[in-house]
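Below: one structure, written as structure tokens.
The values are calculated or read from the model by the stated rules, or taken from the named source; none is laboratory data. Nothing here was measured: the structure is a model prediction, and the numbers come from that model. Backbone-built Cβ (ideal geometry, glycine too); neighbour counts: all protein chains shown. Protein only, heavy atoms only, side chains kept; ligands, DNA and RNA dropped before computing areas. Shrake-Rupley method; radii C 1.70, N 1.55, O 1.52, S 1.80 Å.
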Protein chains: 2
Amino acid sequence: MDSCVVPLRQGGLSLVQTTDFFYPLVDDPYMQGKIACANVLSDLYAMGVKTCDNMLMLLGVSNKMSDKERDTVVPLIIRGFKDLAEEAGTMVQGGQTVLNPWVTIGGVATTVCPPNEFIEPGNAVVGDVLVLTKPLGTQVAVNAHQWLDEPERWNRIRLVVSEEDVEMSYQVSMFLMSKLNRTAAKLMHKYNAHGATDITGFGLLGHAKNLVQHQKNEVSFTIHNLPVIAKMAAVAKACGNMFQLLQGYSAETSGGLLICLPREQAASFCKDIESEDGLQSWIIGIVEKGQRKARIIDKPRVIEVTPKIE
Amino acid sequence: MDSCVVPLRQGGLSLVQTTDFFYPLVDDPYMQGKIACANVLSDLYAMGVKTCDNMLMLLGVSNKMSDKERDTVVPLIIRGFKDLAEEAGTMVQGGQTVLNPWVTIGGVATTVCPPNEFIEPGNAVVGDVLVLTKPLGTQVAVNAHQWLDEPERWNRIRLVVSEEDVEMSYQVSMFLMSKLNRTAAKLMHKYNAHGATDITGFGLLGHAKNLVQHQKNEVSFTIHNLPVIAKMAAVAKACGNMFQLLQGYSAETSGGLLICLPREQAASFCKDIESEDGLQSWIIGIVEKGQRKARIIDKPRVIEVTPKIE
């Protein structure tokens, strides 16, 4: 699943570890550093691990940058990464930087903990509900923002969205992608979560399918609600099948956690997250008896979301 | 130094962790996988850590490869990496693969251990000797091998080396680079090593300078002997200042450990390694009183080495 769990030689402890690296997608290097850090840590948080013991940073610096570009951009990326690591209560000690044609940013997050500090993802039971902790649509928003400078593509979506909408959804996306899923990881313990995954490159349904396949019980996931960053559902529709946002396959970066929670605890979970982080979560579906399939119903309810940016 | 050491919340344990990734340098993907694995682990071995608890593999697959090339090359790299991890008594659990203009191969090695399982690198004392566990010259050999197909460059060295010599030194280099420094790590404990580093991109003297700067005592390193893969000193000389091999700056990949050992124990250390691994080590210098400088004497003794390939 999202992190590997390796039993250690030291009595009862496990190593929980994950790595992730990717290419820049926003034009603000400091925010890009934060997003990369949040994205790596999210794999630990999906396991209910709330304390990361160490991070390594992996950086590929483009050989096509001028010295001046490099000296401007790289320290900002590093600062963003380190600042968010600090916010997460951990530190970046170690890593490597190489020259590469493309800029790459990523890291490794590691925790050593006893079994009660992480939550195996495979214990969903019939009657659980599915909670999502961030709205969908970051990829659509980032692309729409790029298209402001590409008239041909912009013409495809200008009837459904204004420049201001796009600028706003881009800011909202950067805010969301750089937001830690740490509070959710902590509350997974309080509210007896039965498993979780984080939503990234395969989209909501892609990751839901992966999670359901790892279930011990014969269950299936049915998703009824799709919280989406405001206007991005319309943009996705205007682009035809390109994003597959409402089909559940639009990639997210540093997306929310999808969590299986006992039904009677889910509302409290969402309320707690909102009061701690100021961010909404949503009950988006249910766990039913089934053959480990995940699906979105035919006409899901699209919830338009405009998070307040701090 | 070579690995980061992070004290853990669990009584007395530390996380020892390192990451490394680079670009292919040999044309055999299976061997390249082994070399990448040996290179990552070497940072742990330099800390006297002989047990790695987990490895992650980091792979960048070139977007310029055809599907067929990709399907042939990538599984071989992965197999090489995993095979050597197994030889090292560890496992590859986790990692990530991305598309990239260049092929990149690397990994993360992690150990959780009590303080007596690793050796801080900064405790050299006057009277210690410096031991090197692999000969120098891998970069020279790899380059010379490439030049077999580049007549202009080959002409620069053909007077000092035959095609057979170059082919042999290339095979020797692949063998050496894919050799684990694990026995050395184990014997560092038996023979009370006072610190070590592994020789990679900055060359022997580059890494010696780094190690000496981390010493607690006021010491300096003086290097008298340079064990070099047979003929590679002559090749390096024929290339002028290009490699800086005899100046100590020729890059190595997955090079040997440079270890500070009590003088009276160094010979036994070398003998033990040879009987366990079938590989020679050399006393190449001494630790003297000084201001944390490292140098190679004016006319070092060059030891021509032809290891027996298993």
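Table for the structure above
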read-out: Whole-angstrom gap from the stretch B:242-310 to the stretch B:181-224, using each part's C-alpha centre; value: 10
read-out: B:GLU163/B:THR51 FRET efficiency (R0 51 Å; Cβ-Cβ; nearest 0.05); value: 0.75
read-out: Cβ nearest the rotation axis (A onto B), residue from chain A and distance to the nearest whole Å; value: A:PRO101, 2
read-out: Percent of beta bridges antiparallel (DSSP, the protein assembly as shown, rounded to nearest 5); value: 70
read-out: Total accessible area lost when B and A pair, probe 1.4 Å, Å² to nearest 100; value: 3000
read-out: Of all DSSP beta bridges in chain B, antiparallel share, percent nearest 5; value: 70
read-out: Qualifying aspartates and glutamates (Cα of each under 19 Å from Cα of A:LYS64; at least 8 residues distant if same chain); value: A:ASP27, A:ASP28
read-out: Prolate/oblate/rounded label for the stretch B:114-256 (Cα gyration tensor, a/c 1.5); value: prolate
read-out: Cα convex hull of the stretch B:48-197 - mean projected area over all directions, nm²; value: 12.7
read-out: Note, ³J(HN,Hα) from phi for the stretch A:88-100, Karplus 6.51, -1.76, 1.60, rounded to Hz, x at Gly and Pro; value: 7, x, 10, 9, 9, 10, x, x, 8, 10, 10, 7, 8
read-out: Sites A:GLU276 and A:MET91, calculated FRET efficiency, Cβ-Cβ separation with R0 22 Å, nearest 0.05; value: 0.45
read-out: Taking the convex hull of Cα positions in the protein assembly as shown, its mean projected area over all directions (nm²); value: 30.1
read-out: Inter-copy label distances at B:ASP83 (7 Å, Cα→Cβ; nm, one decimal); value: 4.8
read-out: Translational diffusion coefficient (Stokes-Einstein; Kirkwood radius from C-alpha pairs) of chain A at 25 °C, 0.890 mPa s, in µm²/s; value: 124
read-out: Residues losing 10 Å² or more accessible surface upon assembly, the stretch A:49-81, compared with the chain by itself, 1.4 Å; value: A:THR51, A:ASP53, A:ASN54, A:LEU56, A:LEU58, A:ASN63
read-out: Residues of the protein assembly as shown: accessible area per residue with a 1.4 Å probe, Å²; value: 41
read-out: Cα pair distances of the stretch B:81-153 binned at 5 Å [whole percent]; value: 3, 8, 10, 11, 16, 17, 15, 10, 6, 3, 1
read-out: Prolate/oblate/rounded call for the stretch B:45-122, Cα gyration tensor, a/c under 1.5 rounded; value: prolate
read-out: Accessible surface of the protein assembly as shown, 1.4 Å probe, proportion on carbon and sulfur as whole %; value: 50
read-out: For the stretch A:194-293: Kirkwood Rh in Å [reciprocal of mean 1/r, alpha carbons]; value: 14.5
read-out: Cα-centre dipole for chain A with unit charges at Cβ (Lys and Arg positive, Asp and Glu negative), debye to 20; value: 800
